[in-house]
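As structure tokens, the structure follows; a few thoughts come after it.
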Amino acid sequence: MENTSALEEQSAQKSATRTLSSASRALGLLEAIAEHRRPVKPPTLSRQLGWSRATLHQHLVTFVNAGWLEQLEDGSYRLSMRASRVGRAAMEQSSIGERVLPLMRQLTEATRESTFLAVLDGDAAHIVERMEPRRRIRADISSEMSWALDDSASGRVLTAFADPAVVDELRATGAKLSTQTELARVRRNGYAVSAREPDDEDMITAVAVPLMDDRGYCVAALGVLGPEERLDIEDVARRLQAGADNLHALWHPAN
């Protein structure tokens, strides 16, 4: 009975706690901006939120000063890379890797090759999960298991299907990315293949596809890698795309 009373008291305290309306409004602004695929101007946000120009301006200036928003020359606003970092942390804490593991096991068994899950972190693609045909390797995002964005399959997918604001920020900070032509090819194909150096021997090839969020932007790259001579790229790409489509349907069911 004492335990029950304690739980009831805690519940009552939580329900009695007042929420901060200012915090709720601030978070509402970030969510409103996140709904747009391109930088958005204040009049649009004002209509969307039902705020006065003065209230909106105060919030926008606050978020710019705090580093959460960036104001462009045309007066529009977009989320900064800080929001992207928080998004990656949320993805880690929600155990996206754990939810993808069943598919990774299926792919590993079907292809008899290694599978991996990578996310964008800074100017590299970091491996957060990797599975070998007979074992699973859990990778720490802060470890050295990372690949360049310009020539790895995961890096090309993560940038080709990323929020354009993220790509703009990467280029502005000097990150080395694939050419626009290559990224356009990846978008057309729906998958990417790692670059091959002419003098590479015993070449390991990777194929990767994007896992999308509900806005249509890539949150992670799912891939298979193995020796070039035994990896059927088209077959692997089809398997990866089918798996990614199934995951998307589970994570984002139609209303």
I need every pair where a residue in segment 55-69 that is more than 14 Å from ALA83 (Cβ to Cβ) has its Cβ under 9 Å from the Cβ of a residue that is among the small types (Gly, Ala, Ser) and assigned to a helix (DSSP H, G or I), sequence separation at least 6 or different chains. THR55/SER46; LEU56/SER46; HIS59/ALA26; THR62/ALA26
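So that you can scan it fast, the table gives a plain yes or no per residue for (1) open to solvent by less than 70 Å² (accessible area, probe 1.4 Å); (2) modelled with pLDDT of 90 or more:
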site	(1), (2)
ALA184	yes, yes
ARG187	no, yes
GLY190	yes, yes
ASP199	no, no
ILE204	no, no
GLY216	yes, no
Complete set of residues in segment 44-81 that are open to solvent by 50 Å² or more (accessible area, probe 1.4 Å) and among the charged types (D, E, K, R): ARG47, ARG53, GLU73, ASP74
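To keep it simple, each residue is scored yes or no on (1) at pLDDT 90 or above; (2) in a loop (DSSP other than H, G, I, E, B); (3) over 20 Å from LEU158 (Cα atoms).
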| position | (1), (2), (3) |
| --- | --- |
| ILE33 | no, no, yes |
| ARG38 | no, yes, no |
| ALA54 | yes, no, yes |
| VAL64 | yes, no, yes |
Only one of (1) open to solvent by 10 Å² or more (accessible area, probe 1.4 Å); (2) part of a strand (DSSP E or B) does not apply to ASP245, and that is (2)
Give the residue that is modelled with the highest pLDDT, with candidates limited to residues of segment 18-31 that are assigned to a helix (DSSP H, G or I) and not polar (S, T, N, Q). LEU29
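The values are calculated or read from the model by the stated rules, or taken from the named source; none is laboratory data. Bear in mind the structure is a predicted one, so any value in this text is a computation, not a measurement. Because the Cβ atoms are built from the backbone with ideal geometry, glycine has one as well, and the counts that use them run over all protein chains shown. Only protein heavy atoms, including side chains, enter the accessible area calculation; ligands, DNA and RNA are left aside. Shrake-Rupley method; radii C 1.70, N 1.55, O 1.52, S 1.80 Å.
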